[in-house]
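Where a number appears in this text, it was derived from the coordinates with a stated rule and is not lab data. The structure presented is a predicted model; accordingly, all values stated were derived computationally and were not measured. Note that we place each Cβ from the backbone using ideal geometry, even for glycine, and neighbour counts take in every protein chain shown.
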Amino acid sequence: MQMDGRIHQQGGAERGRRGPVPDRELRRALRAVYFAVAALRHSPRSPRVPQAISEASTAVATLPAGFVAEALYRLIGTIEDCHRAGTAGSTRLDERWRTATAAVRLAG
């Protein structure tokens, strides 16, 4: 869980914004997180996974602070944990995926 805290702080000033999530930014962030999950599931130990995690973190950092950004950051942290463990998935990854999906639905 250590990684969640580090990733949580990466958004910096951007995460301090409040307000509705612009569709373009949200779609970009969702796509980046989806690709990180796909990279993990395809090859958990691949060097492509950290690159996809970095791209996802950068995309999520453009979102305003709120439950959508927080759910996506937590999902990214779990992706990183799974990559470090060399596993393609986990119960926590599935839970975080469902939570992020619900957050996006509630925000929309």
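How many of the residues in the range 78-108 are touching a residue at least 40 places away in the same chain (Cβ under 8 Å) and not in a helix (DSSP H, G or I)?
Adding up the residues that qualify gives 4.
Can you tell me how many residues within the range 27-52 are touching a Leu at 6+ places or on another chain (Cβ under 9 Å) and part of a loop (DSSP other than H, G, I, E, B)?
Within the range 27-52, residues that are touching a Leu at 6+ places or on another chain (Cβ under 9 Å) and part of a loop (DSSP other than H, G, I, E, B) number 1.
What number of residues within the range 53-77 are outside any loop (DSSP other than H, G, I, E, B), β-branched (Val, Ile, Thr) and surrounded by fewer than 22 Cβ atoms within 10 Å (Cβ to Cβ)? Before the answer, list the steps.
We begin by selecting, within the range 53-77, every residue outside any loop (DSSP other than H, G, I, E, B); these are 53-60, 67-77.
Add one more test, that the residue is β-branched (Val, Ile, Thr), and what stays is 53, 58, 60, 68, 76.
Then drop every residue that is not surrounded by fewer than 22 Cβ atoms within 10 Å (Cβ to Cβ), which leaves 58.
The total comes to 1.
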